[in-house]
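First up is the structure itself, then whatever we jot down about it.
The values are calculated or read from the model by the stated rules, or taken from the named source; none is laboratory data. Given the structure is predicted, the values throughout are model-derived calculations rather than measurements. Backbone-built Cβ (ideal geometry, glycine too); neighbour counts: all protein chains shown.
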C-alpha cells in the first residue's frame, strides 16, 4: 500500500507563537496582491513589521502584521482598526502615514504604512547614542506631532521610546496609535476587566482608575517620562533624582520634567505647546542667527554670545568619553570662508575636522583614513564645485571605497533633486544653505545617532 502523500502546507494556518509569517507567506495572503513583503524589519510582542512594496505605485512601504487572537482580552481587532482609522486622519511630517489596512486570510490583520529608514528612540538609548543635543532635536518634533493629533481630537495613549521612530535625516516620527481615542470619548484607559491599557511606566496616574476620565494630559505625562528617560537613560521611578543629577544635563530640565510629571493633571502643562516651548527655551542659548552661504558669512547686529561656563556649552565643548577619540568629519567645500566657519562650528561640537576643496582630494583623504585605521564618521559634501569634482560625483567613488559611508550633501539649491531626495542618491541627509550653527550641529548629531555613530 503506497505511503500517504504529505499534507500540503496551508499558508492560512496560524504559525506557532515563536515564529512569524515569512515575507513570502505575507505576500501570498495579501488581497489582490496590493502589497509585497520583502524582509522582516522587527518582531514585537504584538506584531511583526516587514519592509515591503506597494505594487501599484512601486514605492517602498512598511507592513505591520498582527494575529487576530493576540490581545483578545482588549478587543484587539477593534483596536487595530481604530489605530488605522486614527492614523488615516493624521497628515503630519512627524506622524507615520498609513496607506491601507485589512485582513490577511482568517488569522491575521495588516496595515501598510510609510517606511521610515532609520531606528527608534528605544534603540538609540540602548546603544548609548542619546545625547542632550539629540534630545533637543527630537523632543520638539515629537511635541509638534502630538499638538497636531490633539488638535484633531485624538489622544495617542501609548507614548514610549519604541513608538518614536527616527529617520536617518534626524526626523522624529510618532507611530502606533493602537490605543488612540477621540478626546470626546470620555472613557478611561481601564477595560471592563479592570486591566490598564497602555504601557505602565508611561501611564499617568489617572489611567489606573476605572472612574476617571482621561484626556490629552495623559500624553503630556508620558512625554515627561520620555524626556526624563532620554536625558538620563533611566525611568522616573519612586523618589527619582532630578535630570541635572546626570552629568551634562542643564538644570532647567528639572522644572520642565517635574511639571510634566505632576500626579494632579491640573498642575501639569495643560497643552503640549506649552511643554514644547519650555523645552525650546532651554535651547535658546545655542541659537545663532549667523548663516553660511556661498557669499560668505553674515553677522547679526547683536551676535549671540556663548557662555562657555554654561552646562550646555560645557557639554558641546567637551571631548566624547566613548569612543576615546573624537568623531572625525571630512568637509568637501570649495568656498574657503564657508569651510572655515563650518570647521569652527563643528569643532565646538567636539569633532575632529579634515577639509578639502575638491572631490579627488576628498577621495584620497577618505582612503588614507581607512588605511590608517582612523576612518571618518561622516563626510559633508558641497553638491557642486564649478572647477572640480563636487559631491554629486564624489559620493559614488566614496561608496565604492566604503559601502557604510555616511554623508550629508550641502547646497544653496534647495530644489535640486539630490537635495530634495538625498537618500535616493546615497546621502543620509541634505543640509540647505544658509544655515545656523545650531542647525548644522543638530543635523550632524541626528544623522550620526541614526547610524549608530554618536558619541
Requested in this report: Look at residue 368 and say whether it is free of Cβ contacts under 8 Å to residues at least 12 places away in the same chain, farther than 20 Å from residue 168 by Cα, in contact with a helix residue (DSSP H, G or I) (Cβ under 9 Å, 6 or more places away or on another chain) and not in a loop (DSSP other than H, G, I, E, B).
Outcome: no
Requested in this report: Determine the pairs where a residue that is in a helix (DSSP H, G or I), located within the stretch 241-252, has a partner that is surrounded by fewer than 18 Cβ atoms within 10 Å (Cβ to Cβ) with Cβ atoms under 7 Å apart, the partner being 6 or more residues away or on another chain.
Outcome: 243/254; 244/251; 244/254
Query raised in the report: Just to be sure, is residue 325 surrounded by fewer than 18 Cβ atoms within 10 Å (Cβ to Cβ), at pLDDT 50 or above and either within 29 Å of the chain's Cα centre (by Cα) or closer than 30 Å to residue 259 by Cα (or both)?
Result: yes
Query - Flag for residue 313 being surrounded by 13 or more Cβ atoms within 10 Å (Cβ to Cβ) and modelled with pLDDT under 90 - result: yes
Report task. Say whether the condition of being closer than 30 Å to residue 283 by Cβ, at pLDDT below 90 and outside the structural domain of residue 168 (by TED's automatic domain parsing) is met by at least one residue in the stretch 370-383. Result -> no
